[in-house]
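Following: one structure in structure tokens, then a few remarks.
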Amino acid sequence: MLLSPPRLIARYVFREVMFPTVLGLGVYVLVFLMNALFELAELAMKRDLPAGTVVTLLLLYLPRVLVMTIPMAILLGVLVGVGRLSTDSEVIALRAAGVSYWKLLGPTLALGAAGWALGSYLILDVEPKANYRRHQVYNELMHSADVRREIKPRVFFDAIPGMLLYADEVR
């Protein structure tokens, strides 16, 4: 079954926009997770955490990062994809063949709407649950550790959330 020309053009434009979007999303997520990655590595070394706990905490940071990176990745994908179509004069060729700008705009609007829906779902449903679970894991880690062994004399101890502890001497 052959596709009608408008559907074929829409798929082509969508594919041109989608590849830079996915690539940008991967790069942006990596950049935004770097800080959390270093914090988790420090925590894993200090507390001797198992790899499963570190991966769980990293995955619980992901919804917050995705909420910020999805719009940026879609913007990058649309700019790069449509810019490439324009640079290669494909937009001019399509216009000469009678394709309107609205037919070219459809796939990019669909991608934007999908990104908006996914971002809304993440920020309204997934992120609060992930934040709650992440705080639970941190609290479990705090309660499982022996704080008396970690406190050093004449050194500020800030591992307890909301508290700064200083001991002149430790017995």
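A compact table of results
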{"item": "Some residue of segment 112-122 being among the aliphatic types (A, V, I, L, M), surrounded by 18 or more Cβ atoms within 10 Å (Cβ to Cβ) and either assigned to a helix (DSSP H, G or I) or modelled with pLDDT of 95 or more (or both)", "result": "yes"}
{"item": "Hits in segment 48-107 - residues which are within 30 Å of Gln136 (Cα to Cα) and touching a Lys or Arg at 6+ places or on another chain (Cβ under 8 Å)", "result": "Leu57, Leu60, Tyr61"}
{"item": "Any chance Ile151 is within 23 Å of the chain's Cα centre (by Cα) and open to solvent by less than 40 Å² (accessible area, probe 1.4 Å)", "result": "no"}
{"item": "Looking only at segment 47-69, and only at residues there that are over 21 Å from Glu127 (Cβ atoms) and free of Cβ contacts under 8 Å to residues at least 24 places away in the same chain, the one that is surrounded by the most Cβ atoms within 10 Å (Cβ to Cβ)", "result": "Pro50"}
{"item": "Lone unmet requirement of (1) closer than 30 Å to Glu42 by Cβ; (2) touching a residue at least 24 places away in the same chain (Cβ under 8 Å); (3) open to solvent by less than 80 Å² (accessible area, probe 1.4 Å) for Met142", "result": "(2)"}
{"item": "First in segment 83-101 and open to solvent by less than 60 Å² (accessible area, probe 1.4 Å), second anywhere and among the acidic types (Asp, Glu), Cβ under 8 Å, 6 or more apart", "result": "Leu85/Glu16"}
{"item": "Check on Leu104, under 21 Å from Pro20 (Cα atoms), part of a helix (DSSP H, G or I) and open to solvent by 30 Å² or more (accessible area, probe 1.4 Å)", "result": "no"}
{"item": "Among the candidates Phe19, Phe38, residue that is among the hydrophobic types (A, V, I, L, M, F, W, C), open to solvent by 70 Å² or more (accessible area, probe 1.4 Å) and either in contact with a Lys or Arg (Cβ under 7 Å, 6 or more places away or on another chain) or in contact (Cβ under 8 Å) with a residue 60 or more places away in the chain (or both)", "result": "Phe19"}
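The values are calculated or read from the model by the stated rules, or taken from the named source; none is laboratory data. These numbers were taken from a predicted model, which means no experiment stands behind them. With ideal geometry, Cβ positions are generated from the backbone for all residues, glycine too; neighbour counts draw on all protein chains shown. We work out accessible area using only protein heavy atoms, side chains counted, and drop any ligands, DNA or RNA first. Shrake-Rupley method; radii C 1.70, N 1.55, O 1.52, S 1.80 Å.
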